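Let me give you the structure first, and then I'll get to my questions.
Each value in this text was obtained by applying a stated rule to the coordinates, not by laboratory testing. Every value quoted in this text rests on a predicted model; they were computed, and no experiment measured them. Note: ideal-geometry Cβ built from the backbone for every residue, glycine included; neighbour counts use all protein chains shown.
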Amino acid sequence: MKICPQCTSDSHERTSSTGLRVVLCLILIFIVPYGFFICWVPFIFPHKFHCNVCGYHGKEEELLTLDWRESEELKEKHRELHESLQLVKDRWVQDTEHNSYKVVHGKGQYLLIKVQENNIVPYRIVGYHIDSKPNIILIKDNLAENFNVTLSISKNVDKSNIQLNDFGKTILMDEEFDEFLNRSLLAFSQWLTQSNKVAIKVDIEVLLNSERTIIEGKNNFSNKSTLFAGENETKEETTANKKDSNFHI
Ligand SMILES: [Zn+2]
């Protein structure tokens, strides 16, 4: 199994064309004088890929190759994350500053949907610490555009222009979206609390996209997997590099 070095997803696709290389090769052979001697050149350029989850563009040689044991370990890590999030899945959580977020599962990913003053923005959940008080949700903001929940691409737009897209309609209820449109950020948080929609208080930590969590492997590119070779080292790196826990995006 080959996985994205940024997010460990196996949902990625080649963006460079083999067919185009063949055409260039044929042109060199049959049209360009003495092109026969350099017809191999189009094939030496590395293929590129695009990750459907985090949106990363890179060379295919950066993809990590997992053997069956590592694949099982990675699945187990995701299974643990999945199980730990069940108590808050499809529920609202709030941080100590009364920011509101909905924890959802969509398109194969756990997402934290943050309600901002003028938009609703998805983040990728990469970890959940339930031993801390309050619990800590770790997130990253590298997400492919198809995870947007509103029709607005910009993260800072006029609220009156906002509409839920088809994906957004599957994860936010009409009532929730209407209240978002009609209330200020603080009033929306109060409405959630009064409606008993808030499951728990949490801390949110935004990780740098270059950091690696336990489900994301090590921060070096290799065509051989190093995902689980130095997990302790990875944890230390993650702690040392951790961004300020204040959540301002
Ligand atoms: Zn990715």
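With a/c under 1.5 counting as rounded, go ahead and sort segment 1-65 into rounded, prolate or oblate using the C-alpha gyration tensor (a ≥ b ≥ c being the square roots of the eigenvalues; past the cut-off, prolate if a/b is larger than b/c, else oblate).
prolate
I would also like to ask the following. Stretch Leu151-Ser210 to full length: gain in nm at 0.36 nm per residue minus the Cα-Cα span?
Here the answer is 18.5 nm.
In addition: Would you mind getting me the FRET efficiency between Glu72 and Gln116? Use the beta-carbon distance for r and R0 = 25 Å, nearest 0.05.
So the FRET efficiency works out to roughly 0.05.
Taking 0.36 nm per intervening residue step and subtracting the Cα-Cα distance, what contour gain separates Thr96 from Lys159 on full extension?
20.2 nm
So how strong a dipole does segment 1-115 carry about its Cα centre when Lys and Arg Cβ are +1 and Asp and Glu Cβ are -1, to the nearest 20 debye?
400 debye
Neighbour counts of other C-beta atoms within 10 Å: give me Trp40, Trp68, Trp191, Trp92 arranged from fewest to most.
Ascending Cβ contact count within 10 Å gives the list Trp68, Trp40, Trp191, Trp92.
Which value in nm describes the separation of the simple spin-label points at Leu87 and Lys48, placed 7 Å from the Cα toward the beta carbon?
About 4.5 nm, to one decimal.
Over 32 Å between Cα atoms, which of Lys59/Lys133; Lys59/Lys140; Lys2/Lys140; Lys107/Lys159 qualify?
Distance filter (> 32 Å) returns Lys59/Lys133.
Let me know the shape class of segment 42-125, please: from the alpha-carbon gyration tensor, a ≥ b ≥ c as square roots of the eigenvalues, rounded when a/c is under 1.5, otherwise prolate if a/b is greater than b/c, or oblate.
oblate
How much length is gained if the chain between His105 and His129 is pulled fully straight, taking 0.36 nm per residue apart and subtracting their Cα-Cα distance, in nm to one decimal?
Residue separation times 0.36 nm, minus the Cα-Cα distance, leaves 6.9 nm.
Another question, then. Under the definition of Cα pairs under 8 Å and six or more residues apart, what whole-number percent is the relative contact order of segment 88-206?
Here the relative contact order equals 31 percent.
Within 10 Å of each residue's Cβ, count the other Cβ atoms and sort Ser160, Ser195 from fewest upward.
Ser160, Ser195
Of Ile200, Ile130, Ala187, which is farthest along the charge dipole of segment 88-206 in the positive direction, counting Lys and Arg as +1 and Asp and Glu as -1 at C-beta?
So the residue furthest toward the plus end is Ile130.
With an 8 Å cut-off on Cα pairs and a minimum separation of 6 or more residues, tell me the relative contact order of segment 1-65 in percent.
Worked out over segment 1-65, it gives 42 percent.
Quick one: putting +1 on the C-beta of Lys and Arg, -1 on the C-beta of Asp and Glu, what dipole do you get for segment 88-206 around its Cα centre, in Debye to the nearest 20?
240 debye
Shape verdict for segment 88-206, please, from the Cα gyration tensor: rounded (a/c under 1.5), prolate (a/b greater than b/c) or oblate.
oblate
Ranked by Cβ crowding within 10 angstrom, fewest neighbours first, how are Phe36, Phe147 ordered?
Fewest-to-most Cβ neighbours within 10 Å comes out as Phe36, Phe147.
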